[in-house]
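Student: Okay, handing you the structure first.
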Amino acid sequence: RTKLLNPKWCDAMLKQGSGGAYEVSQRMTAMVGWAATDELDNFVFDQAAERYALDEEVAEKLRKSNPEAFKNVIRRLLEANGRGMWETSDDVLDKLRELYNEADDVIEQVDVSFKQKTK
C-alpha cells in the first residue's frame with residue numbers, strides 16, 4: 001500500500017504506459033487481498049480511489065495506456081466496498097460504476113455515441 005499511495009511511484013507508473021498501468025492494477029488487487037485478511041484503514045481505499053480513478057488526468061492516462069488494467073482498478077474498488085472493506089459515499093460509488101461501464105465499453109468496442117442515441 002505504501003507504493004500504491006506514493007505520488008512519485010504513481011507518476012513513474014504513468015510514464016511506463018501499459019506496463020505501469022498493469023503494475024497499478026496488480027497492486028490494487030493485492031491491496032484488496034490484504035484487506036481480506038487484515039483490516040485496512042478506510043483512508044487507504046479513499047486515497048487509492050482519489051488517485052487512480054477519480055483524478056481525471058490519471059484515470060485518462062491509465063485508461064488510454066491499458067484499458068483492462070484501468071477496469072481492474074475500478075473493479076477492485078467496487079469489490080472492496082461490496083465486501084465491506086471500504087465505506088464511501090453513494091456519489092463516489094456512482095462515479096466508480098460509471099467509470100467501470102465506460103471502461104467496459106472501450107474494451108468491448110461499444111459505440112458509445114450509438115448507445116446515447118438509443119436511450
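Student: Calculate what fraction, in whole %, of the accessible area of region 1-112 sits on carbon and sulfur atoms when a 1.4 Å probe is rolled over the protein chains.
Tutor: Here it works out to 44 percent.
Student: Additional query: Label Asp55 and Thr88 with points 7 Å out from Cα along Cα→Cβ: what is the distance between them in nm?
Tutor: Taking the simple label geometry, Asp55 and Thr88 are separated by 1.4 nm.
Student: Between Glu108 and Ser18, what's the calculated FRET efficiency when r is the beta-carbon distance and R0 is 25 Å? Round to 0.05.
Tutor: Once the sixth-power term is evaluated, E becomes 0.85.
Student: So if I place +1 on the C-beta of Lys and Arg and -1 on the C-beta of Asp and Glu, and nothing else carries charge, what would the dipole magnitude of the chain be about its Cα centre? I want it in debye, nearest 20.
Tutor: Using Cβ point charges on Lys, Arg, Asp and Glu, the chain gives about 400 debye.
Student: How tilted is helix 18-37 with respect to the longest principal axis of the chain? Cα atoms for both, answer in degrees (0 to 90, nearest 10).
Tutor: It works out to around 50 degrees.
Student: How large is the Kirkwood hydrodynamic radius of region 1-89, in angstrom, based on all distinct alpha carbon pairs?
Tutor: 12.7
Student: What is the distance, in nm, between label points placed 7 Å from the Cα along the Cα-to-Cβ direction at Thr29 and at Phe43?
Tutor: For Thr29 paired with Phe43, the spin-label model returns 2.9 nm.
Student: Which pairs in the list Lys8/Lys61; Lys15/Lys95; Lys3/Lys64 are over 19 Å apart, alpha-carbon to alpha-carbon?
Tutor: Correct reply: Lys15/Lys95; Lys3/Lys64.
Student: Could you tell me which residue out of Gly19, Pro67, Phe45 lies farthest along the dipole of the chain toward its positive end? Charges go on the beta carbon: Lys and Arg +1, Asp and Glu -1, centred on the Cα centre.
Tutor: Sorting the options by dipole projection puts first Gly19.
Student: Taking a probe of 1.4 Å, how large is the accessible area per residue of the chain, in Å²?
Tutor: On the way: 7070 Å² over 119 residues.
I get 59 Å² per residue for the chain.
Student: Counting only GluC sites (Glu not before Pro) that are in a DSSP loop and have at most 16 other C-beta atoms within 10 Å, tell me the longest site-free stretch of the chain.
Tutor: Details: sites that count: Glu39, Glu87.
With GluC sites (Glu not before Pro) excluded where exposed in loops, the chain gives 40-86 as its longest stretch.
Student: Read phi for every residue in region 75-89 and hand back ³J(HN,Hα) as whole Hz from Karplus 6.51 cos²θ - 1.76 cosθ + 1.60, θ = phi - 60°, with x for Gly and Pro.
Tutor: Calculated HN-Hα couplings, in order: 4, 5, 5, 5, 4, 4, 5, x, 8, x, 8, 9, 9, 8, 6 Hz.
The values are calculated or read from the model by the stated rules, or taken from the named source; none is laboratory data. The shown structure was predicted, so the numbers you read here are calculated from the model rather than taken from an experiment. So basically every Cβ, Gly included, is an ideal-geometry build from the backbone, and we count neighbours across all protein chains shown. Heavy atoms of the whole protein, side chains included, go into the accessibility calculation; ligands, DNA and RNA do not. Shrake-Rupley method; radii C 1.70, N 1.55, O 1.52, S 1.80 Å.
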